[in-house]
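Undergrad: First the structure, then my questions, so here it is.
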Amino acid sequence: MEPLGQTPPDTPTEVADGIRMPPPPHLGIRHVRIPVSDVTASTDWYSEVFGLSVLLVEEEENQVVGAVLSAPERPSLGLHLDPSRAMALAGFSLVVLAVASREVLSKWDSWLEEIGVTHTGVVEGPLGWYIDVSDPDGLIVQLHTPEHPSVEES
């Protein structure tokens, strides 16, 4: 296994004179796929809790197997029927949603309390303040500020 940041020889990014070419540009994250045990229940939950709109629902043999949700000008969230993977990811923070400030994060804390959603409350972390929110399968969706605690506050 190669150390991080080093490309093994004979990879497509290496040119004949040994200078590595940069990768082509991309536009960022387009969508995130999340395995769930019940697409309908998870669609309802993500819509209610995060205000996402349903763009697409996919059915196979009279069963909902996927859904795509989104908010304007944001990456989409794909929910896909895969109960075993959903169970395996329970307790793992797979998705982190950015919030504008600690003040907005406090509003999220109040909102989550009001609607009865399981969450941690505001936590100070090394890269900013956050709230962990448990989805119906126990997967953690994190709400995170861009602000970093100062050295004096740590």
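Undergrad: State whether the residues of the stretch 17-28 include one that is at pLDDT below 95, in a loop (DSSP other than H, G, I, E, B) and acidic (Asp, Glu).
TA: Residues of the stretch 17-28 at pLDDT below 95: 17-28.
Now narrow it down to the ones that are in a loop (DSSP other than H, G, I, E, B): 17-19, 21-28.
Subsequent filtering for residues that are acidic (Asp, Glu) retains 17.
Yes: one or more hits.
Undergrad: Looking at (1) in contact with a strand residue (DSSP E or B) (Cβ under 9 Å, 6 or more places away or on another chain); (2) within 28 Å of LEU27 (Cα to Cα), can you tell me which one PRO136 breaks?
TA: Among (1) in contact with a strand residue (DSSP E or B) (Cβ under 9 Å, 6 or more places away or on another chain); (2) within 28 Å of LEU27 (Cα to Cα), PRO136 violates only (2).
Undergrad: Now for a separate question. Looking only at residues that are surrounded by 14 or more Cβ atoms within 10 Å (Cβ to Cβ) and part of a helix (DSSP H, G or I) in the stretch 72-106, which one is nearest to the chain's Cα centre (by Cα)?
TA: Only one residue fits best here, namely ALA86.
Undergrad: Condition first: under 17 Å from HIS144 (Cβ atoms), touching a residue at least 60 places away in the same chain (Cβ under 8 Å) and surrounded by 12 or more Cβ atoms within 10 Å (Cβ to Cβ). Can you find one or more residues in the stretch 113-121 that meet it? Outline the logic, then answer.
TA: The first filter runs over the stretch 113-121 and keeps only residues under 17 Å from HIS144 (Cβ atoms), leaving 117, 119-121.
Now drop any that are not touching a residue at least 60 places away in the same chain (Cβ under 8 Å), which leaves 117.
Remaining after also requiring surrounded by 12 or more Cβ atoms within 10 Å (Cβ to Cβ): 117.
So far as the stretch 113-121 goes, yes, one or more of its residues are under 17 Å from HIS144 (Cβ atoms), touching a residue at least 60 places away in the same chain (Cβ under 8 Å) and surrounded by 12 or more Cβ atoms within 10 Å (Cβ to Cβ).
Undergrad: Output the number of residues of the stretch 122-135 satisfying the condition of being out of contact with any His (no Cβ under 7 Å at 6 or more places or on another chain), loosely packed, with under 15 Cβ neighbours inside 10 Å and not in a strand (DSSP E or B).
TA: Total satisfying the criteria: 1.
Undergrad: Of all the residues that make up the stretch 46-71, how many are under 15 Å from the mean Cα position of the chain (by Cα) and part of a helix (DSSP H, G or I)?
TA: Matching residues across the stretch 46-71 total 4.
Residues are listed down the side, and each one gets a yes or a no for (1) modelled with pLDDT of 95 or more; (2) over 24 Å from ASP38 (Cβ atoms):
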| position | (1), (2) |
| --- | --- |
| LEU105 | yes, yes |
| TRP108 | yes, yes |
| VAL122 | yes, yes |
| PRO126 | no, yes |
| ASP132 | yes, no |
| PRO136 | yes, no |
| ILE140 | yes, no |
| HIS148 | no, yes |
| GLU153 | no, yes |
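The values are calculated or read from the model by the stated rules, or taken from the named source; none is laboratory data. Nothing here was measured: the structure is a model prediction, and the numbers come from that model. Neighbour counts run over all protein chains shown; Cβ positions are idealised from the backbone, glycine included.
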